[in-house]
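The numbers here are math on the coordinates, done by the rules we state, and not lab data. These numbers come from a predicted model, not from an experiment.
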Amino acid sequence: MNESGSIRIGISACLLGEQVRYDGGHKRLPFATDELARHFDFVKICPEQAIGMGVPRPTIRLVGDTENPRLIGSSDSTLDVTDKMTVFASDTAAKLDYISGYILCAKSPTCGMERVPVYAEGGNSLGKVGVGIFAKQLMAAQPLLPVEENGRLNDVHLRENFVLRVVAYSRWQTMMAEGITVKKLQDFHRRHKFLLLAHSQPIYRELGPIVAEAGDVNDMADRYITKFMEAIRLPASIKNHTNTLMHIQGFFKDHLDASDKAQLSEVIKEYSAGLLPLLVPLEMLGMFLKKYQVDYLLDQYYFTPYPRDLKLRIGL
Ligand code: SF4
């Protein structure tokens, strides 16, 4: 988060419409420029431009060993920018501890997060794939950082999950920057209870004992956040959401009359059967929450995981 309170997301500069690609073009991602930009600050980086390759520039590609490829000119094999790019990437990635997520440009030998073609020394593609040099250093230096690619963000589930992780990770970073205590760690865990349950009940159960320990709080925090980020990265299935909604429903048992109870149960059942979107039971619970002000639920992030006007729950 920056001084004005905005969450910062790193992004391949070409995805913001910057004309930094090898041919002077860009790959503008409207979801980033039109939607995310309203709520997040971007930290844009074009690694190829940053190492002085210029625009336009010769195209490069990954060559050799998939685990340890070199970054070589596509038509001029004497052009080898591997070492320059690796130094830039590791220096830059190590400093990016102030961002809360990163959007990478798919298929790029520099920025691609996965499935980037790796060519044989002679020039032919062998159907092998690897990770872009910058992306690899980034994910190694910031292993908890939520990272996604432009193409994958067209999927409503992956898009929702990415933003949810970015905002949750930012909350964690803010808490750590202000100084962690056992009480804060327990509070963080409590407020994410239903969000965690929707993603992974087994990991939620593993996290409870960590926050109940009487050990060194920094060690507890390290272990907690690793598991926490692992949990919320898992897709929130209809089954898990249904269990979570039913769990929340229990908090209203002394407030609702028989007719409201029956209606709520029916809506959850229809969501579970795929007949209604998630928003319907959530809105209904939200309405009851506003009316009955159930303390334990009021500050649960499950109800407000990210800015509402991003409309990320439409289609879930
Ligand atoms: S993919 Fe990465 S290196 Fe290529 S133009 Fe975009 S930001 Fe620059």
* Which value does Rg/Rh take for region 7-154 over its C-alpha atoms, Rh per Kirkwood? -> 0.95
* Within the chain, helix-based [θ] at 222 nm, where runs of 4 or more DSSP H residues each add -39,500 (n - 2.57), nearest 500 -> -14000 deg cm²/dmol
* Under a 5 Å amide H to amide H cut-off, with H placed in plane at 1.01 Å, what residues pair with GLU149 once short-range neighbours are removed? -> LEU104
* Taking only C-alpha pairs under 8 Å that are 6+ residues apart, what is the relative contact order of region 242-289 in percent? -> 41
* **Two-decimal log10 I(q)/I(0) for region 155-316, as the Debye equation yields it once each C-alpha is a single scatterer, q = 0.09 Å⁻¹** => -0.31
* Can you tell me the relative contact order of the chain? Whole percent, Cα pairs under 8 Å, sequence separation 6 or more. => 13
* Globularity ratio of the chain, using Cα Rg and 2.2 N^0.38 Å -> 1.15
* Structure fact -> For ILE60, other-chain or 5+-apart residues with amide H closer than 5 Å (H placed, Pro excluded) are SER74
* Structure fact -> Given backbone amide H placed at 1.01 Å from N, residues whose amide H is under 5 Å from that of ARG8, ignoring those fewer than 5 places away on the same chain, are ASN2, ASP41, SER100
* Asked: region 152-200 to region 68-83: how many Å between their Cα centroids?
  -> 39
* Pop out the ³J(HN,Hα) list for region 240-252 in order, Karplus 6.51 cos²θ - 1.76 cosθ + 1.60 with θ = phi - 60°, rounded to Hz; leave Gly and Pro as x. => 5, 4, 4, 4, 5, 4, 5, 4, 5, 3, x, 5, 9
* Tabulate in residue order the Karplus-calculated ³J(HN,Hα) for region 166-183, using 6.51 cos²θ - 1.76 cosθ + 1.60 with θ = phi - 60°, rounded to whole Hz; enter x for Gly and Pro. => 4, 5, 5, 5, 5, 4, 5, 4, 4, 4, 5, 5, 7, x, 8, 9, 4, 4
* Structure fact -> Taking the alpha-carbon centre of each part, the distance from region 257-282 to region 113-140 in Å is 47
* Asked: What is the antiparallel percent of DSSP beta bridges lying wholly in region 7-154, to the nearest 5?
  -> 40
* To do: Counting only C-alpha contacts under 8 Å and six or more residues apart, can you give the relative contact order of region 201-316 as a whole percent?
  => 20
* **DSSP bridge orientation in the chain - percent antiparallel, rounded to nearest 5** => 40
* Which whole-Hz couplings ³J(HN,Hα) result when phi for each residue of region 84-92 is put into the Karplus expression 6.51 cos²θ - 1.76 cosθ + 1.60, θ = phi - 60°, listed in order with x for Gly and Pro? -> 4, 5, 5, 5, 4, 5, 6, 5, 5
